[in-house]
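Heads up: the structure comes next, in structure tokens.
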Amino acid sequence: MKLGIIGGSGIYNLDELKDKKIINSKEGPFGKPSGNIVQGILDDVEVFFLPRHGENHIFSPTNIPYRANIDVLKRLGCNDLISISAVGSLREELSPGTFVLIDQFIDRTYARKKTFFDKNIVAHVSMAEPTCILTSDLVYKAATKSNIDIKKGGTYLVMEGPQFSSLAESQLYRKWECDVIGMTNMPEAKLAREAEMRYVSVAMVTDYDCWREDKENVGVNNILETLSSNADKAKLLIKSFVKEFKLNRPQHIIQGVDNVLDTAIITSNYSKEDLIRSGLDAIVSRIIDSI
């Protein structure tokens, strides 16, 4: 089993990994990943860790090479992907330090490349259930065993950034019944689905955005105060999850995730060579193997 982990703000390494190796990031068909990948072993599970913003947080949300990140993890054999990201809360009960297992997204980004299928091969994957429910259940079980305050299910409003919301925007998103707001899970979740990866989003609340008019508006300083404690809890969650993953990862095909491309590619009469020329040799490796 190979597990991919994408770390967000505040999570730039995993000290818990044993037998670490550094895989230098190289240019691929969709560009160069955010940074080098750390390969290691955790409870006999092979883990590949990638910092989303780069080791020194050099990529803004808009400029993160999302396609390259997903592509390289798929090339390394990861069919399961845990995404960790810092978010603002749009709900009073979701206080800083709370974790949320996301099961829905509203994508408000507009300046990012959102598909692998833009070079003569067209595909339309379903995003009705954008995260893997069964793997999310394992994360929830691991969190509760570790006494981590986590909410199962929530809607993540993904904004372009890098600026924070205006008060009017924050109030609007609350009316839309969104739970948290962040800048990085789109198009990451869409690309993971195209790559037939079991994607799980763990959102770590750092602040209350700006909708609470009686409180200080969100800023980098108060976010950093919460990031450190959230990072410690996230690493504890990962350790606990890997135990559950090792023992209970679903071995059957998860419909609409593991085989979503079977009904998604609309281009006709394409060949194996067409897929490879489009840079899709890793993303659609299962399809290529069947041709």
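What shape does the stretch 65-126 take by its C-alpha gyration tensor, where a ≥ b ≥ c are the square roots of the eigenvalues and a/c under 1.5 counts as rounded, a/b above b/c as prolate, and the rest as oblate?
Since a/c reaches 1.5 and a/b is larger than b/c, the shape of the stretch 65-126 is classed as prolate.
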Lysines whose Cα lies under 22 Å from that of residue 113, excluding same-chain neighbours fewer than 8 positions away: 26, 32, 74, 190
The stretch 145-219 versus the stretch 60-119: alpha-carbon centroid distance in Å: 10 Å
Protection-proxy order for peptides 21-30, 151-160, 35-44, 185-194, each taking the mean of Cβ atoms within 10 Å per residue, highest first: 185-194, 151-160, 35-44, 21-30
Proximal aspartates and glutamates relative to residue 175, as straight alpha-carbon distance under 14 Å, when same-chain residues fewer than 8 apart are discounted: 92
Size of charge dipole - the chain - debye, nearest 20, with Cβ of Lys, Arg +1 and Asp, Glu -1, no other charges: 540 debye
Diffusion constant of the stretch 126-283 at 25 °C, which comes from Stokes-Einstein with the Kirkwood Cα-pair radius and 0.890 mPa s, µm²/s: 134 µm²/s
Extension gain, residue 129 back to residue 2 (0.36 nm per residue minus Cα-Cα distance, nm): 43.4 nm
Gyration tensor verdict on the stretch 35-167 (Cα atoms; rounded if a/c is under 1.5, prolate if a/b is larger than b/c, oblate otherwise): rounded
Eligible lysines near residue 141 by straight Cα distance, threshold 19 Å, same-chain separation 8 or greater: 151, 152, 233, 235, 239, 243, 246
Cα-only radius of gyration and Dmax that characterise the stretch 1-110, units Å: 14.8, 44
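Where does each of 239-247, 96-104 land if you order them by average Cβ count within 10 Å, highest first?
Numbers: 239-247: 18.7, 96-104: 20.7.
Final packing ranking: 96-104, 239-247.
With a/c under 1.5 counting as rounded, go ahead and sort the stretch 118-168 into rounded, prolate or oblate using the C-alpha gyration tensor (a ≥ b ≥ c being the square roots of the eigenvalues; past the cut-off, prolate if a/b is larger than b/c, else oblate). Write out the running numbers ahead of the final one.
Values: a/c = 3.05, a/b = 1.26, b/c = 2.43.
Taking the square roots of the gyration eigenvalues as a ≥ b ≥ c, the stretch 118-168 is oblate.
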1.4 Å probe accessible area per residue over the chain, in Å²: 45 Å²
Cut-off under 5 Å, modelled amide H: who pairs with residue 34 long-range: 69
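Give me the percent relative contact order of the stretch 145-291, please, defined on Cα pairs under 8 angstrom at least 6 residues apart. Don't skip to the answer; put the middle values down first.
On the way: 97 pairs, mean separation 34.8, N = 147.
Over the stretch 145-291, the number comes to 24 percent.
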Whole-angstrom gap from the stretch 16-42 to the stretch 225-284, using each part's C-alpha centre: 16 Å
Antiparallel DSSP beta bridges within the chain, percent to nearest 5: 35 percent
Positive-end residue of 256, 172, 31, charge dipole of the chain with Cβ unit charges: 31
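The values are calculated or read from the model by the stated rules, or taken from the named source; none is laboratory data. Not measured: the values here are computed from a predicted model. Note: ideal-geometry Cβ built from the backbone for every residue, glycine included; neighbour counts use all protein chains shown. Surface areas here come from the heavy atoms of the whole protein model, side chains and all, with no ligands, DNA or RNA. Shrake-Rupley method; radii C 1.70, N 1.55, O 1.52, S 1.80 Å.
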